[in-house]
Amino acid sequence: MPKGVANKRYTPEFKQLVVETMRAEGLSLSETARRFHINCLGIIKRWEQIYLEEGPKGLAVERRGRKNTGQPTKLSKPVEEDLIAENQRLRAENAYLKNLQALVLEEERRRLRNRW
């Protein structure tokens with residue numbers, strides 16, 4: 001497609017007509033594309049798959065763009081409180097271990113100084 005030309009949109013009725021004609025007359029994807037002036041065979045194949053899985057109403061659903069993954073699920077109040085408490089406990093433990101390590105290192109330095 002030339003630059004600046006938007007992607008062509010087909011109406012649900014047109015999509016249904018294409019798929020039903022193709023199936024009723026036993027046309028191949030290439031024959032159907034030529035007959036309805038559609039450049040991409042994949043689009044017809046996708047329409048047929050949607051038609052077979054969801055019926056004619058499935059062709060009316062807008063499917064452009066990324067799929068919606070939705071919002072992350074909210075945690076229940078007790079679970080959220082437990083996680084917050086555990087986080088606070090782990091932070092306190094981490095701070096304690098850092099202080100302990102600093103004290104141990106300081107003690108080793110003193111011992112080394114006293115040796116010499």
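A quick yes/no check of all residues on (1) farther than 16 Å from residue 16 by Cβ; (2) outside any loop (DSSP other than H, G, I, E, B):
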site	(1), (2)
31	yes, yes
46	no, yes
74	yes, no
79	yes, yes
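So residue 61 clears everything in (1) hydrophobic (A, V, I, L, M, F, W, C); (2) surrounded by 12 or more Cβ atoms within 10 Å (Cβ to Cβ); (3) within 25 Å of the chain's Cα centre (by Cα) except one condition, right? Which one?
Of everything listed in (1) hydrophobic (A, V, I, L, M, F, W, C); (2) surrounded by 12 or more Cβ atoms within 10 Å (Cβ to Cβ); (3) within 25 Å of the chain's Cα centre (by Cα), residue 61 misses just condition (2).
Within segment 50-69, is even one residue in a loop (DSSP other than H, G, I, E, B), closer than 30 Å to residue 26 by Cβ and in contact with a Pro (Cβ under 9 Å, 6 or more places away or on another chain)?
Scanning segment 50-69, I find at least one residue that is in a loop (DSSP other than H, G, I, E, B), closer than 30 Å to residue 26 by Cβ and in contact with a Pro (Cβ under 9 Å, 6 or more places away or on another chain), so the answer is yes.
Do we find a residue being polar (S, T, N, Q), free of Cβ contacts under 8 Å to residues at least 60 places away in the same chain, part of a helix (DSSP H, G or I) and exposed (fewer than 10 other Cβ atoms within 10 Å of the Cβ) anywhere in segment 106-115?
Of the residues in segment 106-115, the ones polar (S, T, N, Q) are 114.
Right, trim to free of Cβ contacts under 8 Å to residues at least 60 places away in the same chain and you get 114.
When the remaining residues are screened for being part of a helix (DSSP H, G or I), the result is 114.
Subset that is exposed (fewer than 10 other Cβ atoms within 10 Å of the Cβ): 114.
Yes; the residues of segment 106-115 include at least one that is polar (S, T, N, Q), free of Cβ contacts under 8 Å to residues at least 60 places away in the same chain, part of a helix (DSSP H, G or I) and exposed (fewer than 10 other Cβ atoms within 10 Å of the Cβ).
Condition test on residue 41, is it in contact (Cβ under 8 Å) with a residue 12 or more places away in the chain and surrounded by 10 or more Cβ atoms within 10 Å (Cβ to Cβ)? Let's see the steps before the verdict.
On the way: in contact (Cβ under 8 Å) with a residue 12 or more places away in the chain: yes; surrounded by 10 or more Cβ atoms within 10 Å (Cβ to Cβ): yes.
Taking the combined requirement at face value, the residue satisfies it.
Coordinate-derived values only; no laboratory data. For clarity, every value in this text was computed on a predicted model and none was experimentally measured. Don't worry about glycine lacking a Cβ; one is built from the backbone with ideal geometry, like all the others, and counts go over all protein chains shown.
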